[in-house]
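A short reminder: the numbers here are calculations on the coordinates, not readings from a lab. This is a predicted model, so every value here is computed, not measured. Here the Cβ positions follow ideal geometry from the backbone for every residue, glycine too, while neighbour counts run over all protein chains shown.
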């Protein structure tokens, strides 16, 4: 049975797992949310790399055929270290998302939004320019978007949501982008509000892009699949919101120390 | 020389250290910000207690005469474990803040705002009622306030700041409180915006209350003092903002693993 390991700093990576399950319904999955150390997006590349290695070792001990790094920040800074450490393939969200954006853009003016760590790493900017030399990439960190999504304040008609989205996105609108990468697992929950500030702009969700890449590389699998969830903080809070992110019920998660 | 150990989940506890330095200019201080694991306010009591014990052991190894727990969430959930572990006195921010609020209120209707962990613990509510039986305490978690303060979006005339403050605080205004505890180290930076939504309400900052308690217990000290700073994530980001929170220049911090 084909088994996919997925980790994220917390619950947001379940949006990536959701896309993976849609694309590969027959694969077993192990999901690890590092909820005791979340968020990664405000922390240094060194610290995020250390946490990512611990997460990956935990999943590798359970026997996985591929590791999907669902966290954009970890994908942006820790892939080289993870690939050195692991013997199985490691797929991050940055390259698949960058590839889709580079192909979707007509004008070559592409926006990227993400955490401070993701934007500061320059990983999306470099990946887009590798795929499409000459592309103009405008990147912007949007720290308020994650807590807004976790509060459930996502309605585009909400004046607070609209005010925050306008402040972050108006420089991107002014730069005339035609494509925007949602470079953080929480941002798809705010897609309607983001789209309302950027009419006509194509929004790229890396989750679907990475799922397509896993499917293209490993095939679809078949048969009933088993899904297990692990978290580093107490499971209750994770379980309370996990279903909303995964789009399927999540009834159990094990508390582990990695 | 009298030496005070102070820890917080991150940089916010420097507002407590600032008050301590104002009250006890002659004391040496060791400050530890657990910036690799920040925030504590969204995490379980068990995880916050484990992190607090590690922080306290690190400071205790450096020889301190008293431990000040600057983090409201840690003060709310971890004091019993810390007092069992340490041989020196342990002072949190909850009891001093609750005491000042209980005395400042004329009507006995007192509001408390803090992180999800602080509010869920019920620690402020219990401490206020111990001090003033019959007090009516209305508590509310305000998760967006920390990222607003860290973005520097604190101007009460800012429509986003006003919108967020109104949403969180209007139930407290409607309940007719006359006193509000700012139960998180970041919230004093938003005091003007908070006050604008609650005209006539007395705002209680636990930092000043805990500093007064340390001074009353240990005296003022004298002579030139030495101040050292430790962080668990890379120091650069801490150093970039520490001066704003401390009100004095912070030029060096050591990266440590606790």
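Of the candidates B:21, B:144, B:198, which one comes out as most mobile in a Gaussian network treatment of chain B with C-alpha springs shorter than 10 Å?
For chain B, modelled as a Gaussian network with Cα springs under 10 Å, the answer is B:144.
Place the label 7 angstrom along Cα→C-beta at residue B:228 and in each other copy, then list the distances from the first to the rest in nm, shortest first.
4.4
Would you work out the Kirkwood radius for the stretch A:70-212? I mean one over the mean of 1/r across all pairs of different Cα atoms, in Å.
Answer for the stretch A:70-212: a Kirkwood hydrodynamic radius of 15.2 Å.
Go ahead and run the numbers for FRET between residue A:62 and residue B:140, Cβ-Cβ distance against an R0 of 45 Å, rounding to 0.05.
0.65
List the pair-distance distribution P(r) of chain A, using every Cα-Cα distance, as the percent of pairs falling in each 5 Å bin from 0 up to the bin containing the longest distance, rounded to whole percents.
Result, from short to long distances: 1, 7, 14, 19, 20, 17, 12, 7, 3, 0 percent.
Computed over the Cα atoms of the stretch A:22-68, what is the ratio Rg over Rh, Rh following Kirkwood?
Reported Rg/Rh, Kirkwood definition of Rh: 1.03.
Run the numbers on the stretch A:94-206 and let me know its relative contact order in percent, using alpha-carbon pairs under 8 Å that are six or more apart.
35
Taking a spot 7 Å from the Cα of residue B:54 along the direction of its beta carbon, which residues of the stretch A:1-26 have an amide N less than 16 Å from it?
Under cut-off, by backbone N: nothing.
Can you give the FRET efficiency for residue B:218 and residue B:240, using 1/(1 + (r/R0)^6), R0 = 41 Å, r = Cβ-Cβ distance, to the nearest 0.05?
Working from the Cβ atoms, E equals 0.80.
Return the calculated 222 nm mean residue ellipticity for chain B, to the nearest 500 deg cm²/dmol, obtained by summing -39500 (n - 2.57) across DSSP H runs with n ≥ 4 and dividing by the residue count.
-14000 deg cm²/dmol
Which order do A:206, A:44, A:9 fall in if you start with the one that has the fewest other Cβ atoms within 10 Å?
A:44, A:9, A:206
Could you tell me the distance between the Cα centroids of the stretch A:44-98 and the stretch B:16-43, to the nearest Å?
Centre-to-centre distance over Cα atoms comes out at 33 Å.
Between copies, how close do the residue A:241 label points come, placed 7 Å along Cα→Cβ, listed in nm from shortest?
Ordered by increasing distance: 1.9 nm.
Using a label position 7 Å from Cα in the Cα→Cβ direction, what is the ascending list of nm distances from residue A:166 to the same site in the other copies?
Relative to the other copies, residue A:166 has label-point distances of 1.3 nm.
Roughly how compact is the protein assembly as shown, stated as its Cα Rg over 2.2 N^0.38 Å to two decimals?
Against the compact-globule rule of thumb, the ratio is 1.00.
Relative contact order (percent) for chain A, with alpha-carbon contacts under 8 angstrom and 6 or more residues of separation?
Relative contact order comes out at 27 percent.
Using a 7 Å offset from the Cα along the Cα-to-Cβ direction at both residue A:83 and residue A:106, what is the distance between the two label points in nm, to one decimal?
Placing both labels 7 Å beyond Cα along the Cβ direction yields 3.5 nm.
Estimate the FRET efficiency between residue B:151 and residue A:1 by the formula 1/(1 + (r/R0)^6), using the beta-carbon distance for r and 60 Å for R0, to the nearest 0.05.
Here the calculated transfer efficiency is 0.85.
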